[in-house]
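Notes for the one structure printed next.
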């Protein structure tokens, strides 16, 4: 298993027909102790993994939130919204089938965000992103991406799959920023800037 960083540069995805990006996190009590802290940990926090399909510099489709199959052909599919972070394994996953991605889509930006009001990265711990080669129906994890937890931001542009000619590359972005909660246009502007 490797941990991918921005410094590694783009990774070739030759031979990878299906790619999955998963995010997992554990709920935390935050700075509150006692009963209030235990209640917050039990209810968890809601982070969201979002895949934004780009046509050049323009976002055209969004996988996540309330859109699980934005292309309508199964080429970019979100697993559904986990609102607590409870449970084992990935809390949310986006799977890409590159052969079915329409030709005009030039890249897909993967963003994790504390998008809904009241959610924050500070209410989650052990946030990690996993990269899977899902070719042939397998779920073989090939890499981890670990974001810095020393942020007051509520968004992290995790990675970007980029079309290069007839193939795809995956580059780690791992850049945080502020996104106005509940504002889909702010989320898309954040993705475009990365």
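Look through the range 90-119, keep the residues that are in a loop (DSSP other than H, G, I, E, B) and in contact with a helix residue (DSSP H, G or I) (Cβ under 9 Å, 6 or more places away or on another chain), and return whichever of them is modelled with the lowest pLDDT.
115
(1) modelled with pLDDT of 85 or more; (2) in a loop (DSSP other than H, G, I, E, B); (3) in contact with a helix residue (DSSP H, G or I) (Cβ under 6 Å, 6 or more places away or on another chain): which one isn't true of residue 59, the others all being true?
Tallying (1) modelled with pLDDT of 85 or more; (2) in a loop (DSSP other than H, G, I, E, B); (3) in contact with a helix residue (DSSP H, G or I) (Cβ under 6 Å, 6 or more places away or on another chain), residue 59 fails exactly one: (2).
Are any residues in the range 62-86 in a loop (DSSP other than H, G, I, E, B) and at pLDDT 85 or above, and if so, which ones?
Residues of the range 62-86 that are in a loop (DSSP other than H, G, I, E, B), as a first pass: 65-66, 68-75, 79-86.
If the condition is that a residue be in a loop (DSSP other than H, G, I, E, B) and at pLDDT 85 or above, then 68, 69, 70, 71, 72, 73, 74, 75, 79 are the ones that fit.
For residues in the range 14-52 being part of a loop (DSSP other than H, G, I, E, B) and buried (at least 21 other Cβ atoms within 10 Å of the Cβ), which is modelled with the highest pLDDT?
It comes out as 47.
Which one of these does residue 131 not meet: (1) touching a residue at least 60 places away in the same chain (Cβ under 8 Å); (2) farther than 17 Å from residue 25 by Cβ; (3) surrounded by 19 or more Cβ atoms within 10 Å (Cβ to Cβ); (4) within 13 Å of the chain's Cα centre (by Cα)?
The failed condition is (2).
Suppose the filter is assigned to a loop (DSSP other than H, G, I, E, B) and either at pLDDT 85 or above or surrounded by 21 or more Cβ atoms within 10 Å (Cβ to Cβ) (or both); does residue 181 pass it?
So residue 181 fits the description; yes.
Which of the residues belonging to the range 134-169 are in contact with a helix residue (DSSP H, G or I) (Cβ under 7 Å, 6 or more places away or on another chain) and either in a strand (DSSP E or B) or touching a residue at least 60 places away in the same chain (Cβ under 8 Å) (or both)?
155, 157, 168
Can we say residue 172 is under 19 Å from residue 8 (Cβ atoms), in contact with a helix residue (DSSP H, G or I) (Cβ under 7 Å, 6 or more places away or on another chain) and either modelled with pLDDT of 80 or more or surrounded by fewer than 21 Cβ atoms within 10 Å (Cβ to Cβ) (or both)?
Taking the combined requirement at face value, the residue satisfies it.
The values are calculated or read from the model by the stated rules, or taken from the named source; none is laboratory data. Because the structure is predicted, anything quoted here is derived from the model rather than measured. FYI the Cβ positions are ideal-geometry reconstructions off the backbone, even for glycines, and counts take in every protein chain you see.
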